[in-house]
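**Student:** First, the structure itself, so that you have it in front of you.
The values are calculated or read from the model by the stated rules, or taken from the named source; none is laboratory data. Just so we're clear, the structure is a prediction, and the values are computed from it rather than from any experiment. All Cβ positions, even for glycine, are placed from backbone atoms using ideal geometry, and neighbour counts span all protein chains on display. These accessible areas exclude ligands, DNA and RNA; they are computed on the full protein's heavy atoms, side chains included. Shrake-Rupley method; radii C 1.70, N 1.55, O 1.52, S 1.80 Å.
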Amino acid sequence: MRILSYNIHKGIGGRDRRYALRRVIDVIEAENPDLICLQEVDRNVPRSRHHDQPNLLADYFQAAAHAFQMNVKLQEGGYGNLILSRWKFRSKHQISLKLNWRKCRGAQMVVVETPEGLLHLANVHLGLSDAERHWQIEHLLAHPRFRESLDLPTLLVGDWNDWRNKLTHGPLGEHGFTQATQPLRKFRSFPAYLAIGALDKAFHRGGLHLRAARIVRTAAAKQASDHLPLVIDFHLHA
């Protein structure tokens with residue numbers, strides 16, 4: 001099975017600042033993922049022509065299930081996280097990761113009915129400060145909706161904004177999660193055109209076997225957004 005995690009920057013290119021959602025679609029389609037976790041997806045915002053990106057993407061990829069979480073509300077519309085799946089969801093939830101006056105952030109949690117069994121999947125977009133990110137992860141891991149699926153193989157993906165990789169040996173390590181995106185030098189994803197930061201990460205625990213993980217560095221990916229996509233191939237243990 002294959003999952004793709006991608007901060008699509010509302011469909012706006014990182015260098016030319018041009019809105020072209022088709023470029024994002026082409027980058028995703030070239031990887032043929034079964035599960036797609038996106039961050040910074042617009043809905044009804046002028047900069048993206050008032051497009052309903054969650055529904056456009058769900059229709060284009062013929063998702064059997066999808067879930068959108070509006071994190072940041074603007075004067076018109078807003079943006080947030082999106083999960084698209086080739087398979088149905090057993091359950092889906094979303095929680096706010098907003099800390100006091102800082103920008104709204106969020107996490108989506110779904111249980112996916114994959115051909116190999118149930119998968120607990122979380123799509124996150126974390127804040128810009130160390131203290132904020134540590135609070136957000138502690139809040140997520142302690143949340144009753146997250147804990148109710150602790151017995152399932154679990155995969156956490158998204159834009160972590162964790163330049164110094166502090167979460168690996170902090171709360172995630174303490175809760176038994178292994179980082180799939182190491183060593184960091186192989187997973188630099190931001191900014192797309194000259195990537196120096198490994199911001200797009202994945203962590204897993206439970207009965208999950210990681211086959212391969214990589215950053216997509218095609219010419220198309222370097223143009224479509226300000227992040228590069230992360231792709232992971234994995235199996236669930238019988």
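**Student:** When you scan segment 107-161, how many residues do you find that are touching a strand residue (DSSP E or B) at 6+ places or on another chain (Cβ under 7 Å), part of a loop (DSSP other than H, G, I, E, B) and surrounded by fewer than 23 Cβ atoms within 10 Å (Cβ to Cβ)?
**Tutor:** Looking only at that region, the number is 5.
A quick yes/no check of all residues on (1) within 18 Å of the chain's Cα centre (by Cα); (2) under 28 Å from Val111 (Cβ atoms):
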| site | (1), (2) |
| --- | --- |
| Arg2 | yes, yes |
| Tyr6 | yes, yes |
| Arg18 | no, no |
| Glu29 | yes, yes |
| Pro33 | yes, yes |
| Leu38 | yes, yes |
| Asn44 | no, no |
| His51 | no, no |
| Tyr60 | no, yes |
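**Student:** Being among the charged types (D, E, K, R), touching a residue at least 60 places away in the same chain (Cβ under 8 Å) and not in a loop (DSSP other than H, G, I, E, B) is the requirement here; does Lys10 meet it?
**Tutor:** Judged against the criteria, Lys10 is a match.
**Student:** So is Ala58 among the small types (Gly, Ala, Ser), surrounded by fewer than 22 Cβ atoms within 10 Å (Cβ to Cβ), out of contact with any helix residue (DSSP H, G or I) (no Cβ under 6 Å at 6 or more places or on another chain) and under 26 Å from Leu236 (Cβ atoms) or not?
**Tutor:** yes
**Student:** While we're here: Return the total of residues in segment 159-201 being out of contact with any Lys or Arg (no Cβ under 9 Å at 6 or more places or on another chain), aromatic (Phe, Trp, Tyr) and more than 13 Å from Leu128 (Cα to Cα).
**Tutor:** 1
**Student:** If you go through segment 191-217, how many residues are assigned to a strand (DSSP E or B) and open to solvent by 50 Å² or more (accessible area, probe 1.4 Å)?
**Tutor:** Qualifying residue count, segment 191-217: 5.
**Student:** If you go through segment 218-237, how many residues are open to solvent by 30 Å² or more (accessible area, probe 1.4 Å), in contact (Cβ under 8 Å) with a residue 12 or more places away in the chain and either out of contact with any helix residue (DSSP H, G or I) (no Cβ under 8 Å at 6 or more places or on another chain) or of a type in the set (Phe, Trp, Tyr) (or both)?
**Tutor:** 2
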